[in-house]
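First up is the structure itself, then whatever we jot down about it.
The values are calculated or read from the model by the stated rules, or taken from the named source; none is laboratory data. Note that this is a predicted model, so its numbers are computed, not measured. Reconstructed Cβ throughout: ideal geometry from the backbone, glycine too, with neighbour counts over all protein chains shown.
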Amino acid sequence: MSTFIISNLWFYVLALSLIFFAFKVVTSANPIHSALHLVLTMMGVAGLFFHLNAQFIAGVQVIVYAGAVMVLFVMVLMLFDLKHEFNAFAKGLVSGFLKLMSVALVVGYLVGVFLESGESKGVKASLTTSGDQTSTQLQVTRDLAQLLYTKYVLVFEVLGVLLLVVAIGAVAISRIQGGTHAKH
């Protein structure tokens, strides 16, 4: 198999997994499962960035979205009483119509993307970078990493401690008498 076929196969596997996990985010009844599917969706997006030779953006995608943002989502979920939240979803005629229209909009968008992608097959071949541009990109990434992990390392450590304190506080608030998850 040529590298072009393997590359296309890898892209379509990632794209289909992204669609599946994004669908599971919306349809999962358990919010924690939905959050875990969102992590898998974000990891798939990082895989697509890596596939497009944007390794730095893929790394940032994993660190920021799949890491920090998902930790915050899970902490917020801990603060809600999820047993009573299930009844908040409407099952009326208007909400059913809105759900149906949303699905039609997404399907129409996907059909448009597939039809448009047939016209732009040569785009990836025209975006190849020369060796000089690649070395410049690597140098910029190296300089940015050196700056972040030398001059601004204290900021990263303070942020990590702050997130740890927020996580401990969210657990403590949810477990106190009268809190959302307190045992009555």
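Couple of notes before you dig in:
- Taking the range 7-49 as the range and being buried (at least 17 other Cβ atoms within 10 Å of the Cβ) and among the aromatic types (Phe, Trp, Tyr) as the test, the residues that pass are PHE21, PHE49.
- Meets criteria (more than 25 Å from LEU52 (Cβ to Cβ), assigned to a helix (DSSP H, G or I), modelled with pLDDT of 75 or more and in contact with a helix residue (DSSP H, G or I) (Cβ under 9 Å, 6 or more places away or on another chain)) for VAL166: yes
- Of the residues making up the range 112-155, those that are hydrophobic (A, V, I, L, M, F, W, C) and modelled with pLDDT under 75 are VAL113, PHE114, LEU115, VAL123, ALA125, LEU127.
- PHE97 vs. criteria surrounded by fewer than 10 Cβ atoms within 10 Å (Cβ to Cβ), at pLDDT 70 or above, more than 30 Å from LEU72 (Cβ to Cβ) and out of contact with any Pro (no Cβ under 9 Å at 6 or more places or on another chain): no
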